[in-house]
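K.L.:
Supplied in C-alpha cells, the structure appears directly below.
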C-alpha cells in the first residue's frame with residue numbers, strides 16, 4: 001500500500017473516530033503527506049478562563065504528528081511519548097496543526113507538529129516518538 | 001489566601017470550565033493538595049481503534065499538574081510546556097490523574113502527574129513547567 | 001542473570017566508559033536498584049558564566065535513568081528520548097543523580113531521575129524512554 | 001546591541017567556557033543567526049559500548065538552541081527545560097548541531113536544534129524553553 005492509499009484510509013478512520021468527532025476536528029493530507037488537523041473554535045475547547053485548553057493543543061499535536069508518521073507504515077503505530085510547548089494563548093480563533101516526519105525507522109518513528117491560528121500565528125509546537133506495532137488497521 | 005481556600009475556588013472554577021465539562025472530568029484535592037482529576041470512561045474519549053486517545057492522557061496530565069502547582073499561587077499560572085509518556089493502552093476503563101508539585105519557584109513552577117486506571121494500573125506519566133503571571137482569577 | 005549480577009557488571013562497564021571518566025562520574029546502585037551517579041564539582045563542568053552546564057544535568061539524568069532501567073534487562077537498551085527540567089542553578093557543588101524505574105516493558109522501558117546537590121537541594125529532574133535491543137553486553 | 005554584535009560576544013564567551021573546551025566544541029553563527037556547535041569525534045565522547053553518549057547529544061542540543069535564542073536578547077537567558085530524541089547511534093563521526101529560533105518572547109523563548117554527522121545524517125533532534133533573566137553578561 002502506498003502513502004496515498006493509506007492517507008485515504010486514515011481520513012475515513014478519522015471521520016468516525018470518537019474523540020475527533022467530539023471535538024470537531026478534521027484531517028487532511030497535503031501533497032507531501034503532511035497531516036493537517038483543523039478545528040474550528042468552539043466554547044467546549046476552552047479552559048476556565050476562556051482560552052483554548054492546553055489539552056487541545058496536545059491533542060492536535062499528538063494527532064498531526066501521529067498521522068504524519070503513520071501514513072508511512074502499513075501496520076498501526078502507537079504513541080510512545082510526546083511533548084508540547086505552548087507559545088501564546090488563543091481565544092476564539094480556529095486552529096490548524098501540521099504534522100511532519102522527522103524519521104521513519106524500522107521499529108520507531110519521530111514526527112513533529114506545529115499549531116497555527118487561522119491568521120497564521122504560531123501558537124504551539126511539539127513532537128513525539130511512535131512505535132511500530134504488528135497490529136493491522138482493519 | 002491559603003491553599004485550602006484556593007483549592008475550593010479552583011474546584012468551583014473547574015466545575016464550570018468548558019473542556020472538562022465536555023469530557024466529563026472532575027477535580028478534587030487530597031489533604032496534601034495533590035490535584036486529582038477523574039474521568040469515567042465514555043466512548044467519546046477514544047481514538048479510531050477503540051482505546052483512549054493520547055490527547056486525553058495529555059489533558060489529564062496537563063490539568064492535574066497545573067492544579068497541583070496553581071494551588072500554591074494567588075495569581076493565574078500558564079502552562080509553558082509539558083511532556084507525556086503513554087505506558088499502556090486503555091480501553092473502557094475509568095481514569096484518574098494525580099498531580100504533584102516538583103518545585104514552586106518565584107516565576108516558574110514544575111509539577112508532575114501520573115494517570116492510573118480505576119484498578120490502579122499505571123498507564124501514563126508526565127509533567128510540565130508553568131509560568132507565574134500577573135493575572136488574577138476573578 | 002538477576003539485577004544484582006547485572007548491577008556489578010554495569011558498574012564495571014561504567015568505570016571504563018569514556019565520557020563518565022572524562023567528567024569524573026561514578027555509578028552505584030542502592031538496595032532497591034536505584035542507580036546513583038555522582039560527580040564531584042570540577043571547573044570543566046561549567047558553562048561560560050561559572051555554573052554547571054545544562055548538558056551535565058542532562059548527562060546525569062540520561063545516565064541515572066538508563067542504568068535504573070537497564071539493570072532489569074539482559075540485553076542492551078538504547079535511549080530513545082529524554083527530557084530535563086533545570087530547577088535551580090548550581091555553582092561549585094557536588095551533584096548526585098538518582099534514577100528510578102517507571103515501567104519495565106517488553107520492548108520499551110520508562111525511567112526518571114532527579115539531581116540533588118550534596119546538601120540535598122533538588123536542582124534538576126527528568127526522565128526518558130528506552131528501547132530494548134537484541135544486543136548483548138559481552 | 002544587534003545580533004551580529006551579540007554573536008561575536010557569544011563566540012568569545014564560548015571559546016573560554018569550561019565544558020565546551022573540555023569536550024572540544026566550537027561555536028559559530030550563520031548569516032541567519034542559526035547557532036552551529038561543532039565537535040570532532042574523540043574517544044571521551046563515548047559511552048561504554050563505543051558510541052557517542054546521549055549526554056553529548058543533549059549538550060549539543062541545549063547549547064545550539066540556547067545560543068540561537070540568546071543572540072536575540074541583551075541579558076542572559078537560562079535554560080528552563082529541554083528534550084532530546086536520539087534517532088540513530090553514532091560511532092566515530094564528527095557532529096554538528098544547528099539551533100533555530102521558534103519564538104522570541106518577552107519573558108520566555110523557544111528554540112530547536114538538530115544534530116547531524118559530518119556526512120549529513122540526521123542523528124538527534126530536540127528543543128527547549130529559555131527564560132529571560134535580568135542578568136547581564138559581563
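K.L.:
Looking only at the stretch D:116-138, count how many residues are within 14 Å of residue A:102 (Cα to Cα) and buried (at least 23 other Cβ atoms within 10 Å of the Cβ).
P.N.:
4
K.L.:
Next question, about the same structure. Restricting attention to the stretch D:124-138, and to residues there that are part of a loop (DSSP other than H, G, I, E, B) and within 13 Å of chain B (Cβ to nearest Cβ), which single residue is nearest to residue A:129 (Cα to Cα)?
P.N.:
The selected residue is D:133.
K.L.:
Hey, residue C:113 hits all of (1) surrounded by fewer than 24 Cβ atoms within 10 Å (Cβ to Cβ); (2) more than 10 Å from every other protein chain (Cβ to nearest Cβ) but one; which does it fall short on?
P.N.:
Condition (1) is where residue C:113 drops out.
K.L.:
Could you check residue B:42 against (1) closer than 30 Å to residue A:10 by Cβ; (2) touching a residue at least 60 places away in the same chain (Cβ under 8 Å); (3) out of contact with any helix residue (DSSP H, G or I) (no Cβ under 6 Å at 6 or more places or on another chain) and say which number it fails?
P.N.:
All conditions are met except number (2).
K.L.:
Every residue in the stretch D:68-89 that is free of Cβ contacts under 8 Å to residues at least 40 places away in the same chain and crowded, with 22+ Cβ neighbours inside 10 Å, please.
P.N.:
D:86, D:87
K.L.:
Further, regarding this structure: Among the residues in the stretch A:36-49, are any closer than 30 Å to residue D:116 by Cβ and crowded, with 20+ Cβ neighbours inside 10 Å?
P.N.:
Within the stretch A:36-49 (the criterion being closer than 30 Å to residue D:116 by Cβ and crowded, with 20+ Cβ neighbours inside 10 Å), the answer is yes, since at least one residue qualifies.
K.L.:
Continuing with this model, one more query. All but one of (1) more than 22 Å from residue C:67 (Cβ to Cβ); (2) out of contact with any strand residue (DSSP E or B) (no Cβ under 9 Å at 6 or more places or on another chain); (3) modelled with pLDDT of 95 or more hold for residue D:68; state the number of the condition that does not hold.
P.N.:
The number of the failed condition is (2).
K.L.:
In the stretch C:11-109, which strands (runs of 3 or more DSSP E) lie fully inside it and hold 3 or more residues that are within 8 Å of another protein chain (Cβ to nearest Cβ)?
P.N.:
Output list reads C:77-86.
K.L.:
Which ones in the stretch D:61-85 are touching a helix residue (DSSP H, G or I) at 6+ places or on another chain (Cβ under 8 Å) and closer than 18 Å to residue D:117 by Cβ?
P.N.:
D:63, D:84
K.L.:
With respect to residue B:121, determine if the residue is more than 25 Å from residue D:112 (Cα to Cα), free of Cβ contacts under 8 Å to residues at least 24 places away in the same chain and either within 14 Å of the chain's Cα centre (by Cα) or within 12 Å of another protein chain (Cβ to nearest Cβ) (or both).
P.N.:
So residue B:121 fails the test.
The values are calculated or read from the model by the stated rules, or taken from the named source; none is laboratory data. What you see is a predicted model, and the numbers here were worked out from it, not measured in a lab. FYI the Cβ positions are ideal-geometry reconstructions off the backbone, even for glycines, and counts take in every protein chain you see.
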